[in-house]
Structures are given as structure tokens and as C-alpha cells.
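Everything on this sheet refers to the single structure shown next.
Here, each number is a calculation from the coordinates, and none is a lab measurement. For clarity, every value in this text was computed on a predicted model and none was experimentally measured. In this analysis, Cβ positions are derived from the backbone assuming ideal geometry, glycine residues included, and neighbour counts consider all displayed protein chains.
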Amino acid sequence: MSENGETAAKGRPIVVTMNSHQYYEALSARDRRFDGVFFVGVKTTKIYCRPICPSRRPHAQHCEFFRLAAAAEVAGYRPCLRCRPELAPGNAPIDSEQKVVGAALRYLDRMEEASQSIPELANMFRFSDRHFRRMLKKQLGVSPIQLMQTRRLLLAKQLLTDTKLTMNEIALASGFKSLRRFNSLFKERYRLSPTALRKDSGNGESGSECTFRLSYRPPFCWDSILRYFRRRFYRGAEFVNGTQYFRTVQIGRSRGWISVENDSENLALKVVVAPDLLSVLLPLIARLRRLFDLDASPDPITAALGSLALGNPGLRVPGAFDGFEIAMRAVLGQQISVPAATTIAARVVERFGERIDSPFPELKSMVPTAAQIAAVPVAELRKVGLTEARAATLAGLARAVAEEKINFLNATSWEESVKQMTLVPGIGPWTAGYVAMRVLGWPDAFPHQDLGLQKALSVKKASDALALAEKWRPWRAYAAMQLWNSLEKQHELSNHLS
């Protein structure tokens, strides 16, 4: 992908609402494309399952279908111990109303790491508390509190099954304030105690670290996303070693490290988390799902992209672990090569990042936060190899993020996010578009000002690139990744032949 693309200066969802007959057909076929798209509640057992559950198929008249696991639980169903609904992949927002809810869900994730209330969240989106709750209930079928409770319970269920963490550690990691509340709600909702579930589940993975899995829909081009991160990582705070990704993490006051590798046999990523991060496991999981684009649905994307996706049907759009990280990396990459930007990024971490201990010599620092960079004089920023103009842009960006003039969590449209960022002197449409694509995770985002995309499409004008991309709606972000990937392959082939 080009990183020097700065210039001077509604799609319709593929998956439409399904009726009960269509849900049942997908259930009967155990179609993996619908894993996480819906859940089925069996009225005779009061258990809900994923559509891929290997258990005997229930009769149609005994089935009730839900978009969310939380909605099934609110209706009185408890999760299947065989197919384990807590492992199902999620879904990315597509249409405009879903995007508002998607932005709200990003804030709900943040509420696990910050002391924000639902009324404060409603005010952030300029809604009344009542209207905000009603909108979420309409879109999700549950209230915000019910959704958060189900998330916590399903994470606890996963940790009880897959790890040897103590009950106190699991309660803390799942976001419960006390062990008593955890035990009470778990037993009330699932009709068995956490201890009984662990006894029935057998042994999980041992060790001082916490190990768990995050599911995805196949195919998943793990090698491609690793290659992308390997070329653009913050050395000292991230590294890629063979088939694994490692990084340091700070969420709130919790600091530690993680490692991620592909478990293709189980269609999941295997994540190892340092013990000091257990108290922020819920927001950490949300960040990892966004970083690796785990909620993507490859089949409708491949169908929409046609021949463009033939060589790489499971290519993902790399997301963002932290919004400012990606924005800073984009500024560092303005008008220079990818390797040069990666070198400067390493200097930023070395010079301004806080130190951290880890078992890996490659992980020794944190990526500096917006507040930390905002406190650095422009003259000091220049010492990492930035021009005066670029250093001033980075300082302005850091101040805007630290003062919450730019908020990567509450943007509800591509245009709004780009408009926010371009108010910072030195940030143009390319930088803003690239950041919006990676940080917000809009599947239809398309930074048409990028010179690399124009080259891949054999056009010379951004408007021509935008016009050609119209046929790929609402998955233009994936089209952009395929086009950038084709350029990298051409570059590798050219180097091999020369």
C-alpha cells in the first residue's frame, strides 16, 4: 500500500432481513456463513444455539430465532454447552442506522474501561437518554444493560471452560464488581453455578497467562494480515515472529502484553494475555476483534468484489487497536515510503514511549498516547526525523485527540470522521480517509485520493477511482485492500525478477 498518497488539497446491505423459514433452512444446512448472524432458541429445552450446532436439529415449530445472544438470554434461553454461543463471530455494521448503533457499541466497550454511564453515552450522541435506549432496543432487541450483562456472562462461561483461572479472577476479567454478583447472575441466567459448569467442562489451559480463542468466519488470510502488520508495526511495542503477532497493551491503568496466532483448525485466533490485563479483558477482546476484522463475512464480500477477490477471498481490512496509534502512523507516513515511516515510528516509541517489562526482548515500550505526544515540543518531535511541518501536524493531531476534539469512537459516518480530522492543519483527505477506514471499520470506506489505488485502477484522477469503485459497494474497503495487495504482489514479483 502507498503511504505517500496525500494530495494538495449509500451502499445497500448484501444480507437482508430473513424470515423464519430462511433461518430454519440455514439451521438445517448448518451453514457457517450464518454463524453469529443469528441464534436459535429451542422452546422445548429453553437452550439457544449457533446455527452450526452439531446437536440434533429441532423441529421448526420448536424454534425461535434471535439476532443476538443477549436477546435469546433475555427471552429466557440459556447457552448450549456443546456449540458454545460465546465463541460465535460478530457482525460489522453496514447501513446508516446500524452505524449509529455500531458507534454506540464501541462506546459500550469503552465503558468497561472507563466510568461512563448510559445517560452520558446518550448525551455524547446528542440523544435523550430515553430515545437512545429505545433506539438500541429497536436495533438490538435488548437494552444496553442487558447486552453488557450477556457479554460478561458469555466471557465468563468461555473462561470457565477454557482456562484454569480462579473464580475471583474470572469474575474480575468478566467485568463483575464482586464474586457474589457474578455467582448470582450466572446461576440466575444459566440455571447452574459457575463451579458446576467448570466441573462439567473438564480442564482448561494452565499457566499464569490467560489463553482464549476469538472465532472468525472462514476463509481468513492470516498470512496477509501478518504481512501487513510486519511492514507497518511500531518496533519496540509490536513485532511479528513467524506466524504470531505480539504487542504491548495499555488500557486504563492496566498494562501488559499479548500474543496472537491463528488456530485454523478451530476457525479462531488463539490469544495469550499477560495476567496484569485480566481486569480489562472485555475491552481488550473488543479491540482485538476490530484489529483483525474478525466480524467480517467473506462470502458476501467475495460475491460483491467478483474477480478482484479471486486470489484472496479471505482478505481482511486491518483495523486499529487504538485510534491515535493509526492516526499518528498515517501522519508519519505522509509522502515517504513504508519502510521509512516504520523507521520513524520506531524512533517515536523509543524516544517518547514508556518502558514496560515483558518476557520478550522485542517488547520493551508502549506506543505513546495522544496526551504524551501533545506534551512534547515540536522541536523535540523533529528529532525523530520529521520535517517541521510534519512535526507540527503530529502535535496538532495529538492535541485534538487529547482534548477530544477528534473522537474516534462516536463518529457515525465516514464523511463525519474525515471532516473532523481535516480540521487539523496538515491532514488532508488521504490521511483522514485512511484513518477512518482502519479505525472506524466501515466496510464501505474507500480512500480514493490514495495514489496507490489510482495506480492499481489505472486512472489518474481520484474522481475516476471513486467512480470505478461504485460497483463494489457496500464493501469498498475490502476492494481497497485487494487493490493494495495486488500492488505489493507486483512489487515482490518485480524484485524477484530483477
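Below are the figures for this structure:
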quantity	calculated
Too-long pairs where the Cα-Cα distance tops 30 Å, listed order kept, from Lys177/Lys199; Lys157/Lys364; Lys383/Lys461; Lys419/Lys489; Lys46/Lys138; Lys364/Lys455	Lys157/Lys364; Lys383/Lys461; Lys419/Lys489; Lys364/Lys455
Sorted by Cβ density within 10 Å, fewest first, the residues Val271, Val435	Val271, Val435
Residue order, fewest to most surrounding Cβ atoms within 10 angstrom, among Asp299, Asp200, Asp464	Asp200, Asp464, Asp299
For the chain, size of Cβ-based charge dipole, Lys and Arg +1, Asp and Glu -1, in debye	1200
Distant-in-sequence amide H partners of Ile47 (H built 1.01 Å from N, under 5 Å)	Val42, Arg78
Farthest positive-ward along the chain dipole, Cα basis, beta-carbon charges - from Pro218, Gly426, Met18	Met18
Among beta bridges that DSSP assigns inside the chain, antiparallel share in %, nearest 5	85
Fewest-first ranking of Arg78, Arg227, Arg247, using other Cβ atoms within 10 Å as the exposure measure	Arg227, Arg78, Arg247
Highest-first arrangement of 55-63, 252-260, 357-365, where packing means the average Cβ count within 10 Å	252-260, 357-365, 55-63
